[in-house]
Each structure stands twice: as structure tokens, then as C-alpha cells.
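Please read the structure below before turning to the comments.
The values are calculated or read from the model by the stated rules, or taken from the named source; none is laboratory data. Keep in mind the model is a prediction, meaning the values are calculated, not measured. Heads up, the Cβs are rebuilt from the backbone with ideal geometry, glycines too, and the neighbour counts pull from every protein chain shown. To get the accessible areas, we keep the full protein, side chains included, count just its heavy atoms, and leave off ligands, DNA and RNA. Shrake-Rupley method; radii C 1.70, N 1.55, O 1.52, S 1.80 Å.
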Amino acid sequence: METTTASQTGKKRRFKSSHRRKDGYKLLLAALPFVLIAFAFSYVPLFGWIYAFFDYHPGIPLSKTPFSGLDRFREMFSDPWMGPVLMNTLALSFLSILTAPIPMLFAIMVSEVRSGWFKRLVQTVSTLPHYISWIIVYALAFSMFSTEGAVNTFLMKLGLGGAPVDVLGNYERVWTVQTLLLLWKSVGWSAIIYLAAIVSIDSEQYDAAKVDGAGRRRTIWHITLPSIMPTFIVLLLLSISNLLSAGFEQYLVFSNVMVADRIEVLDLYVYRLGLVTGDYSYSTAVGMFKSIISIVLLFTVNLLSKKFRGQGIV
């Protein structure tokens, strides 16, 4: 009798193990296309880094191109444009990091809305700008904030303004304007992960807080914020590791003669070097420099996370 029971138990375990293995294979096959896409677009292009070590010109085979070694990397230290470009990149990245708590606070406010239809409306309206391309955003901003745009026209008709204000061509305020545009476009989308973190909080904690007489403010301060803070820290550390990736499309479409020098970020500079001036070797070297610094920053913040939080982010 005991032998029969043990045999049946062994069969059940083998069946469960086989079933789990099949599920694992299915999940692997489902993930395989995305792995191949990531490999094709993120790792295969790394072979193009070899052009940074040659004096490459289009139309000449690489085998007949003279080897330049580290000359392109030394050129970066004497490039008069590299300093301003790095300053623009770091300044816009730091401004973006300073606004990082806003999506978290927005998610908390949305989660506190009691009306279901109004909550869905706010989430839809705030997330919609994420799906609008930067070309359309520029067209909307130009129609609203140019010297002949809707805002200036409205103020002039009311007699509230003097000379029209060129918001998109303001050299001194361009960093603030671009940061606000980026915030408007991304706040709803960035809040989704915080809303998911809030939903995963054990409801018994809120019930216990109500029993103890805690109001909304104390509930948010003592339960919601501490529960989603690990998510905020991980996203903050990842954004720090991407300091040199301030963006590309936004600054390409908003660039004009009045503000171009202030929004020439590293990605845009690499694009202009390669596709506008045709200096493929130097643009590849600058791109390599950005990637290596980003990797160093990623592992640095990962070590700091392990030291102070007890767990890493990668």
C-alpha cells in the first residue's frame, strides 16, 4: 500500500515537473522574437564601432581605409563644441531628474480619486501625449506659443501683453521650456508604473490605518509613499545612469537658429557629425564615448544601490 502511494506521488511530481518544463519552453518561445529584435537593433550595430578606429569615407572599402587608432578619441578633447554639448546634455538631464518626483505625486493623486469614471478620464488624458510624436508636439507648440500663435494673439486682443513673446525662441528660457514640454508628454505614462505599485499595496494596511483614525494625508505619508519609494529609487538610479542620453527627437524638431546652441545635446551632435557633415569616424567615436560612460554610470549607481539599499538594480 505504501509502495503504491509512493509510486503515485512520484508520478504526480514527474507530471508537474514535465508540465512546468513545457510552460517554460512556451514562455521562452514567446520571448524569443523580442530577444532577437533586441539583439538585432542593440547588439549587432556594435560591430560598427570599428569605424571609430579608421579614417573612413563613404564609398571606400574598410580594407582600403587607413587605420587611425585612437586619433578620433583624442580629437574629442580638442573639439571646441564638445564642452557646450556636454553642458547642454547634463543640464537638461539634471532638470529631467529634478522633475522625477512629479509622476509619482501625480500617481498618488490619481489613486486618491474616488470617482471611477473621472479617474479613467484623467489617466487617459494624461497618457495620451505619450503617443503623440514630437513633430506633432512641435506643431502644436508653434501654433500656441509662437509670436503669432494663439496665446500671444489672445493676450494682445485682451490688451494684457506688450510685444509678442517668442517662447520657442527664448535663448535664456529654452531649457525650462523643453523640460516642461517633456514633462507634459511623459508624466501620465511615467505614472503608470507608480499606479501599479500603489495597486499592489496590501489593502489591509489601509484598513488598519482607518481603524486607527488616520486620514488621507497620514495614510499617504505613512503607507503609500514608503511602499512606492523603492520603485522611485530604482527609476531614479536608472535615470542617473542615462545622464548622457538626454534625448534626440525633441531637440531636433525644436532646434532653430535662436536656441540651437542651447539644445545641442550629445545624441543630436552625433547625428549632425555623421549624417550632416559626413564625419562617420568621429561621430562613431563620440557615440562610443557616450555608451561607455553610460555603462560606467550604470554599474556605479548599481554598486551604490547595493551599498546603501542592500540590493542592486541590475
**Prompt:** Using the alpha carbon gyration tensor of segment 171-245, what are the three equivalent-ellipsoid semi-axes (square root of 5 times each eigenvalue), largest first, in whole Å?
**Reply:** 33, 15, 11
**Asked** Expressed in whole Å with the largest first, what are the equivalent ellipsoid semi-axes of segment 23-179 derived from the C-alpha gyration tensor as the square root of 5 times each eigenvalue?
**Response** 42, 32, 16
**Heavy-atom surface of segment 28-128, accessible at 1.4 Å and reported per residue (Å²)** = 67 Å²
**Radius of gyration, Dmax [the chain; alpha carbons; angstrom]** = 26.5, 98
**Request:** Could you tell me, in Å, what Rg and Dmax come out for the Cα atoms of segment 240-310?
**Result:** 15.3, 49
**Message:** Computing the accessible area with a 1.4 Å probe over protein heavy atoms, can you report the carbon and sulfur percentage for the chain?
**Reply:** 68 percent
**Asked** Helix hunt in the chain: which complete DSSP H runs extend at least 27 Å axially by C-alpha with mean Kyte-Doolittle at least 1.0?
**Response** 174-199
**Item:** Accessible area per residue, Å², segment 143-229 with all protein chains present, probe 1.4 Å
**Value:** 65 Å²
**segment 258-276 versus segment 207-252: alpha-carbon centroid distance in Å** = 33 Å
**Asked** What does the highest-first list of 231-238, 275-282 look like by mean Cβ count within 10 Å?
**Response** 231-238, 275-282
**Asked** How big is the accessible area of Asp79 in square angstrom, nearest 10, if you roll a 1.4 angstrom probe over the protein chains?
**Response** 30 Å²
